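A short worksheet on the structure shown next.
The values are calculated or read from the model by the stated rules, or taken from the named source; none is laboratory data. Note that the coordinates shown come from a computational prediction; the quantities given were computed from them, not determined experimentally. For neighbour counting, all protein chains shown are included, and Cβ atoms are generated from backbone atoms with ideal geometry for every residue, glycine included. SASA here: full protein model, heavy atoms, side chains in, ligands and nucleic acids out. Shrake-Rupley method; radii C 1.70, N 1.55, O 1.52, S 1.80 Å.
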Amino acid sequence: MSDPTTTRTYGLTASEISNLGEKATAAKSLAYCPYSDFRVGCALLCEDGEVVLGANIENASYPVTICAERTAFSKAIVEGRKRFRAVGVCTDISPPASPCGMCRQFIREFCDLNTPIFMWDKDGQYVVMPLEKLLPMSFGPEQLRKPDPASK
Ligand SMILES: [Zn+2]
């Protein structure tokens, strides 16, 4: 369920938000997590309207594991999608889990700081906040942008 303030703040319709929640929830079933049994689903609302899914993929060598968010973004990027309107994640706990620090930085590479990050819990309730609030004073691509030679 989305409130009018959320839809206004982030420029999303109520149906876009509920669709994102349904997709992120469904994506949990794609998780490969035999060790933690902690399923995470991710759904990205791309600028072109497409929704790209991801799920966590664990590995017997634990640090090799990749989170749902990075799976989804990697998939979207190689499909040629590099602009996103919203990120949705879903877990089986309540209150909802938020993206880990590594994923926050990964998201930062491809999303504006005001991009909403929706976090759904096991009961379909969500918390939403802009990326900037999850990753304050962040380091991003613009810090490495080369100076314009014409401005010298
Ligand atoms: Zn992560």
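Restricting attention to segment 93-110, which residues are charged (D, E, K, R) and open to solvent by less than 60 Å² (accessible area, probe 1.4 Å)? If you could, list the steps in order and put the result at the bottom.
Restricting attention to segment 93-110, the residues satisfying the condition of being charged (D, E, K, R) are 104, 108-109.
Across segment 93-110, the qualifying residues are ARG104, ARG108.
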**Q.** Enumeration of residues in segment 78-107 that are in contact with a helix residue (DSSP H, G or I) (Cβ under 7 Å, 6 or more places away or on another chain) and part of a helix (DSSP H, G or I)
**A.** CYS103, ARG104, PHE106, ILE107
**Q.** Residue in segment 60-74 that is away from the ligand (no atom under 11 Å from the Cβ), touching a strand residue (DSSP E or B) at 6+ places or on another chain (Cβ under 8 Å) and open to solvent by 60 Å² or more (accessible area, probe 1.4 Å) present
**A.** no
Q: Take segment 16-49 and flag every residue that is over 20 Å from ASP123 (Cβ atoms) and either under 18 Å from the mean Cα position of the chain (by Cα) or open to solvent by 80 Å² or more (accessible area, probe 1.4 Å) (or both).
A: GLU16, LEU30, TYR32, TYR35, LEU44, LEU45, CYS46, GLU47, ASP48, GLY49
Q) Which residue out of ILE77, ILE17 is in contact (Cβ under 8 Å) with a residue 60 or more places away in the chain and not hydroxyl-bearing (Ser, Thr, Tyr)? A) ILE17
Q | Lone unmet requirement of (1) farther than 25 Å from PRO63 by Cβ; (2) open to solvent by 70 Å² or more (accessible area, probe 1.4 Å) for ASP121 | A | (2)
Q | Which numbered condition VAL52 misses (of (1) outside any strand (DSSP E or B); (2) open to solvent by less than 50 Å² (accessible area, probe 1.4 Å); (3) of a type in the set (A, V, I, L, M, F, W, C); (4) farther than 19 Å from VAL127 by Cα) | A | (1)
**Q.** Residues of segment 75-84 classified as within 16 Å of the ligand (Cβ to nearest atom) and open to solvent by 50 Å² or more (accessible area, probe 1.4 Å), total
**A.** 1
